[in-house]
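The structure under discussion appears below in the form of structure tokens.
The values are calculated or read from the model by the stated rules, or taken from the named source; none is laboratory data. All values reported here derive from a predicted model rather than from experimental measurement. Note that we place each Cβ from the backbone using ideal geometry, even for glycine, and neighbour counts take in every protein chain shown.
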Amino acid sequence: MSEPTITPLAPREGWHVIHLFYQIDHTQWSLFSDEEKRQAKTHLTELVQEIRATPDTHLLIFSVATPKADLGCILLTPDLHVANAYEKQLTLSLGAEILSPVYSFLSLTESSEYTPTREQYLAETLIGENGLSAGTPEVEAALKEFEVRMAHYRKFRLYPVLPDWPVICFYPMSKRRSGNDNWYALDFATRRHLMAGHARIGRTYAGRILQLITGATGLDEYEWGVTLLAKDPSDVKAIVYEMRFDEVSARYADFGDFYIGMQLPLDILFRRLCL
Ligand code: 76R
């Protein structure tokens, strides 16, 4: 799909991610004949299939719950040229002037700078918190388990394959930089300590909330895209509420608009969107 004469713009690690939100122009759509409507929907269906058949490329497509938008897409792919080409094609996929972009967000998957190293896990968690002694079979087993878990974790953060959980929540977020509440003026140890508290809360939602944090500093207005997948909308409300009391969010986070969508099979999605 990528044009052969163009050098790929793949990041050193990870994938590009584009969140796209569209409104549908039903006035333009109503001017289409039944045959033109059928062809437009077939065209979008084939494009979705082509995108999903592209190596290392994923597309989530969903109906947006409120009139902030109608249709939402999350595209993950390594090469920015490919992301850009698919984004243009998605926008035109139902015909000119049918889909108007109302919000978009460009980011990159990233591994976290706060992930504990093997040495930190040994010193802080196994010895410090659990009171174990270095070198015992129990500690060696725990360290092995930690390394396997971390390898999976790093792979998921950089190359996520997202499940088809129905509820999608997306919002952009930045860390605050004002007066005494300047995240970027904190030293690394303090930020790491605060992020550990954040992660502790997050982990209590395992199996109910799947978070994808993508970095956008220098790429878009906000610094991160927060994408949460859930099976139950009340888990989204609960985690975002609980996080607000945690210092990382209470003191240092600024948020943009929230979008709530539902992943659906394409035929049901078209009916839902009155297409
Ligand atoms: O990914 C991990 O499990 C490691 C720990 C972790 C990091 C490094 C983690 C855990 N997060 C990390 C980074 Mn998170 N997260 C958010 C939000 O609404 C709000 O208040 C904030 C939006 C939610 C709901 C959430 C959920 N997290 C980040 C970063 C990057 C910060 C940086 O690098 O400075 C942001 C912006 C951010 C925001 N977080 C978790 C969760 C959940 C559910 C987890 C547990 C994941 C799991 O281990 O299963």
Breaking point among (1) on the phi > 0 side of the Ramachandran plot; (2) within 9 Å of the ligand (Cβ to nearest atom), for Gly179: (2)
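For the subset of the range 197-213 comprising residues that are of a type outside the set (A, V, I, L, M) and in contact with a helix residue (DSSP H, G or I) (Cβ under 9 Å, 6 or more places away or on another chain), which member is nearest to the ligand (Cβ to nearest atom)?
Taking the range 197-213 and keeping what is of a type outside the set (A, V, I, L, M), we get 197-198, 200, 202-205, 207-208, 211.
If we keep only those that are in contact with a helix residue (DSSP H, G or I) (Cβ under 9 Å, 6 or more places away or on another chain) as well, we get 197-198, 202, 204-205, 208, 211.
Numbers: Gly197: 10, His198: 6, Gly202: 2, Thr204: 8, Tyr205: 5, Arg208: 9, Gln211: 4 Å.
Ranking the qualifying residues of the range 197-213, first place goes to Gly202.
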Filter result (at pLDDT 95 or above and more than 27 Å from Thr214 (Cα to Cα)) within the range 97-122: Ile98, Leu122
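Could you tell me whether Ile6 is surrounded by 15 or more Cβ atoms within 10 Å (Cβ to Cβ), of a type in the set (A, V, I, L, M, F, W, C) and touching a residue at least 40 places away in the same chain (Cβ under 8 Å)? Before the answer, list the steps.
Values: surrounded by 15 or more Cβ atoms within 10 Å (Cβ to Cβ): no; of a type in the set (A, V, I, L, M, F, W, C): yes; touching a residue at least 40 places away in the same chain (Cβ under 8 Å): yes.
The answer is no for Ile6.
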Subset of the range 139-198 [in a loop (DSSP other than H, G, I, E, B), closer than 30 Å to Lys68 by Cα and among the charged types (D, E, K, R)]: Asp164, Arg176
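Taking the range 91-112 as the search range and keeping residues that are hydrophobic (A, V, I, L, M, F, W, C) and part of a loop (DSSP other than H, G, I, E, B), which one is farthest from the chain's Cα centre (by Cα)?
At the first step, the residues of the range 91-112 found to be hydrophobic (A, V, I, L, M, F, W, C) are 92, 94, 96, 98-99, 102, 105-106, 108.
Those left that are additionally part of a loop (DSSP other than H, G, I, E, B): 94, 96, 98.
Working: Leu94: 25, Ala96: 28, Ile98: 26 Å.
This residue is Ala96.
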Filtered residues of the range 145-176 (kept if within 30 Å of Pro265 (Cα to Cα), within 12 Å of the ligand (Cβ to nearest atom) and crowded, with 16+ Cβ neighbours inside 10 Å): Arg157, Pro160, Cys169, Phe170, Tyr171, Pro172, Met173
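Is the range 127-143 home to any residue that is within 12 Å of the ligand (Cβ to nearest atom) and in contact (Cβ under 8 Å) with a residue 24 or more places away in the chain?
Within the range 127-143, the first condition is being within 12 Å of the ligand (Cβ to nearest atom), and the residues that meet it are none.
No, because not a single residue in the range 127-143 is within 12 Å of the ligand (Cβ to nearest atom) and in contact (Cβ under 8 Å) with a residue 24 or more places away in the chain.
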Residues being more than 10 Å from the ligand (Cβ to nearest atom) and assigned to a loop (DSSP other than H, G, I, E, B) - total across the range 217-244: 6
Qualifying residue in the range 41-54 (condition: in contact with a strand residue (DSSP E or B) (Cβ under 7 Å, 6 or more places away or on another chain), free of Cβ contacts under 8 Å to residues at least 24 places away in the same chain and of a type outside the set (Phe, Trp, Tyr)): yes
Scan of the range 114-126 for residues that are within 16 Å of the ligand (Cβ to nearest atom) and either touching a Phe, Trp or Tyr at 6+ places or on another chain (Cβ under 8 Å) or in a helix (DSSP H, G or I) (or both), ordered by number: Thr115, Arg118, Gln120, Tyr121, Glu124, Thr125
Residue selected from the range 200-233 under the condition free of Cβ contacts under 8 Å to residues at least 24 places away in the same chain and under 27 Å from Thr125 (Cβ atoms), by the criterion surrounded by the most Cβ atoms within 10 Å (Cβ to Cβ): Gln211
Long-range neighbours under 8 Å by Cβ, at least six apart or interchain, first residue at negative phi and touching a residue at least 12 places away in the same chain (Cβ under 8 Å) within the range 237-254, second more than 9 Å from the ligand (Cβ to nearest atom) and of a type in the set (Gly, Ala, Ser): Asp246/Gly197; Glu247/Gly197; Val248/Gly197
